[in-house]
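The values are calculated or read from the model by the stated rules, or taken from the named source; none is laboratory data. All values derive from a computational prediction rather than experimental measurement. So basically every Cβ, Gly included, is an ideal-geometry build from the backbone, and we count neighbours across all protein chains shown. Only protein heavy atoms, including side chains, enter the accessible area calculation; ligands, DNA and RNA are left aside. Shrake-Rupley method; radii C 1.70, N 1.55, O 1.52, S 1.80 Å.
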Amino acid sequence: MEYLSSLNERQYEGVVNTEGPAMIIAGAGSGKTRVLTYRIAYLIREKKIDPFRILALTFTNKAAKEMRKRIEEVVGMDARNLWMGTFHSVFARILRAESGRLGYPSNFTIYDTEDSKSLIRTIIKEFGLDDKIYKPNVVLNRISGAKNRLVSWQDYIDNPHYAADDAAAQKPEMGRVYKAYCKRCFKADAMDFDDLLFNTNVLFRDHLDVLNKYQQRFHYVMVDEFQDTNVSQYLITKKLSAVNQNIAVVGDDAQSIYAFRGANIENILNFEKDFPDLSVIKLEQNYRSTQNIVNAANSVIAKNKDQLQKTVWTSNQEGTQIDLIKSISDNEEGRFVASAIFEQKTQNSYQNSDFAILYRTNSQSRAIEEALRKSGIPYRIYGGLSFYQRKEIKDLMAYLRFAINTNDEQSFRRIINLPKRGIGTSSVEKIVVAAFEHDIPLWDVLVNIDSFLPGRVANAVHQFVTLIKSFQISTETKDAFEAANHIAKNSGLLKELYADKTVEGLNRYENVQELLNAIKEFVDDPEIENKDLGTFLQDIALLTDADKEDPNDTDFVSLMTIHASKGLEYKNIFVVGLEEDLFPSQMMISSRADLEEERRLFYVAITRAQENLFFSYALSRYRYGRLINCEPSRFIEEVDPMYLRVNTRYGSRSPQLGYSDQPPGFRPNYAKNLMATRKNQTQRPPKYHQPSANFAPSDTSALTEGMKVEHPKFGFGKVRVVETEGANRKAKVVFEDFGEKTLLLAFAKLRIVES
């Protein structure tokens, strides 16, 4: 058993204790994949278990493929006989074999998301429902959530709580749409992705002989990333292992970050209730990160109430402290990241591929991308498109370009029927052909459309021409931001994105707002003389010239959301945008459960780092076309100060904000305490102020120097100076615990205590 010689004591225990229910709690970087693959290899090679008797479930095809390859290296070709794959692929295999029991043919079709949306659109149209209320994304998400909770359309219609929720959401026909959707799928001999799980549960529930057959077939059941399972997935695996009881689940509750996809952390937290004879094996030795990184992560996750207790440790070197850097703005934050990467590469001979930049939302990548491009640092967006390649960004950019150049055929093709105007593909082709045949500009054809394409379509084109003419006036009379904002609003793009309240829709809306933020920053830049839209588009065209990138180049910096980073590791990690309402997200602080998931997400970000870790936050960030003052994330405060160091080498050097060991805008006395705690670990930063019982914001129009005020977070302070810059009034207030703050009076919510 030489292949087991590299395992530590706990890993070895997880491999050889194969009988009975087992839960392997695998801390970050503890080698869980090795344990799971060697456990399967041990069953085949040492215990002579037929591979056909082993079921191993994963969450990605990539993980399954890598595990099978490792197992094959130990046991040979027998590994190919394993029932190993994703939940959906394995259960689709079972459903095809047993489909007749459910009334499906064995060659049933599997609908993808677009197929499902298309069918829902048809149903909504047939029912005469408003597709602005019954948006296909929203309807599909609602149906998907019900199926993952094993709520059939019959149960849904019969449940008064669902009816009340739908009525409150102004979607009283949701149950009828759900029913029609299921009926139409069945009639078409089709299942969607959720049906693969839902129907497997139905199969095992209604056909006990089938369940018994698979219970007898699978003597051993193993589940990877168990913390990410939903109700439906867990119920299937529990049923399959009910007879032999040889179920082994591997996971880490501290890395449960997919509740928005239906993952239920209770599955791992309460696993022992379903299997009282459970063996619990804790993999606590981290092989990935330095001691400082591991200990910092532990200090954060300890704040969570709902968790399985474990103490992750490492024998790796102590390593450097985590660098904490403040920046004045998100643009400066991008420049800091680029500078730090350049310096780390120069000093320590790192490759670009040794770096990853993690953020909470995709829209944050824009400022980072621009800084990397200007520094000549190659990068790739992991698990997503480059910011300027996203559809919603390309759509708005096409409108902006066409307003500047009405002969831009590609932009014309993209926007002529976006949003829908009733101008079909054949009409578009006739317009383009007319321009070529008569050797006249495309715009001339559009302006004189009656001569080329009379009838109903001509009326739609006339409206489009009028719209574009208004955009042209805007570009000639307004600066780039005002013109772009006018076009975004009046084109209908913003309205359409805003109406989509799904997670995807909100992300697209935020991405468009981020593009507008970039244009606002362009206009606000005092070094740029010409602030018109044409100049901005020229700058962006040069900035996003992807043709210069070598497709064979694998040495690039990785950019990704923290969710996308799970399971990955890099020598150097930058966690950017550590600001309140951004991370933790403003939408995830309404309950303890939500906040704890955000904290687990922060834990995942920290534990991706092997050698160096950087935290970054900005004092201001453009959002929705306005410059917003930001506060450092509460998560920074939750890291034990002994593992942090305030780094002023890359951060702001702005004289008005100061340049010292204490980053302005940071939590009260935190940096000072940070330095002191290296000598005295008992010091901790003070908490936010609790507002007085009679707290109510005052009218600050007459606020003057010397007045005493109360702020809902910073507490009591004294106004040092009041300034007016254009339409903005600012006050510099010296707070008792938080030091001096510069506040925009329009947003500060100050209560005047004494005048």
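Spatial offset of the stretch 564-601 relative to the stretch 1-36 amounts to 29 Å, using the alpha carbon center of each.
Taking 0.36 nm per intervening residue step and subtracting the Cα-Cα distance, what contour gain separates GLU437 from ALA693 on full extension? Display every interim value, and only then the final one.
Details: separation 256, 0.36 × 256 = 92.16 nm, distance 7.63 nm.
So the extension gain works out to 84.5 nm.
Please report, ordered by residue number, every helix of the chain (full DSSP H runs) that is 24 Å or longer along its axis going by C-alpha atoms and whose mean Kyte-Doolittle hydropathy reaches -1.0. Could the numbers behind the result be given before it?
On the way: long enough: 330-348 (27 Å, -1.07); 456-477 (33 Å, 0.24); 503-524 (31 Å, -0.39).
Sorted by number, the helices that extend far enough and score high enough are 456-477, 503-524.
Ligands, DNA and RNA are left out, and with a 1.4 angstrom probe the accessible area of the stretch 205-353 is 40 Å² per residue. Across HIS711, HIS462, HIS207, the residue with the most accessible area heads the list, and the full order at a 1.4 Å probe is HIS462, HIS207, HIS711. Ordering ASN331, SER470, PHE402 by the projection of their Cα atoms onto the charge dipole of the chain, which places +1 on the Cβ of Lys and Arg and -1 on the Cβ of Asp and Glu, puts ASN331 at the extreme positive end. The alpha-carbon positions of the stretch 1-69 define a convex hull whose volume is 107 Å³ per residue. Rolling a 1.4 angstrom probe over the protein heavy atoms with all chains in place gives the stretch 54-185 an accessible area of 51 Å² per residue. Counting only heavy atoms of the protein chains and using a 1.4 Å probe, PHE615 has close to 0 Å² of accessible surface.
Just so you know, the Cα atoms of the stretch 604-648 work out to an Rg and Dmax of 13.3, 38 Å.
Its residue count N fixes a reference of 2.2 N^0.38 Å for the stretch 294-407, and the Cα radius of gyration divided by that reference is 1.46.
Convex hull volume per residue, computed on the Cα atoms of the stretch 99-228, equals 133 Å³. Distance distribution note for the stretch 303-345: the fraction of Cα pairs above 17 angstrom is 60%.
Give me the percent of the accessible area of the stretch 390-432 that comes from carbon and sulfur atoms, probe 1.4 Å, all protein chains in place. Please list the in-between numbers first.
Working: 880 of 1810 Å².
Carbon with sulfur: 49 percent of the solvent-accessible area.
In the context of the full protein assembly, HIS438 retains an accessible surface of approximately 100 Å², using a probe radius of 1.4 Å and ignoring ligands and nucleic acids. In terms of overall dimensions, the chain has a Cα radius of gyration and Dmax of 29.3, 85 angstrom.
Of the trypsin sites (Lys or Arg not before Pro) found in the stretch 372-466, those in coil by DSSP whose Cβ has at most 16 other Cβ atoms within 10 Å are LYS420. For LEU119, the solvent-accessible surface with a 1.4 Å probe is about 20 Å², rounded to the nearest 10. Applying a DSSP loop filter and a limit of 16 other Cβ atoms within 10 Å to the chymotrypsin sites (Phe, Trp or Tyr not before Pro) in the stretch 91-186 leaves PHE127.
Accessible surface comparison of ILE562, ILE473, ILE752, probe 1.4 Å, protein chains only, largest first: the order is ILE473, ILE752, ILE562. In sequence order, the stretch 733-739 has phi-based couplings of 10, 9, 8, 4, 9, 9, x Hz under the Karplus curve 6.51 cos²θ - 1.76 cosθ + 1.60, θ = phi - 60°, and Gly or Pro positions carry x. Enumerate the calculated ³J(HN,Hα) couplings along the stretch 308-316 in order (Karplus 6.51 cos²θ - 1.76 cosθ + 1.60, θ = phi - 60°), each rounded to whole Hz, writing x wherever the residue is Gly or Pro. Here the 3J(HN,Hα) series is 8, 5, 7, 10, 6, 9, 8, 9, 5 Hz. All C-alpha pair distances within the stretch 226-376, sorted into 5 Å bins from zero, spread as 1, 7, 12, 14, 13, 14, 12, 10, 7, 5, 3, 1, 0 percent across the bins.
The accessible-area ordering, largest first, of the residues LYS732, LYS179, LYS305 stands as LYS305, LYS179, LYS732, per a 1.4 angstrom probe.
Counting only protein heavy atoms, what percent of the accessible surface of the stretch 180-311 is carbon or sulfur at a 1.4 Å probe? Percent of accessible area from carbon and sulfur atoms in the stretch 180-311: 48.
A convex hull fitted around the alpha carbon atoms of the stretch 422-549 yields 168 Å³ per residue. Counting only aspartates and glutamates at least 8 places from LYS741 when in the same chain, those with an alpha carbon closer than 18 Å to its own are GLU579, GLU580, GLU631, ASP661, GLU705, GLU710, GLU723, GLU725.
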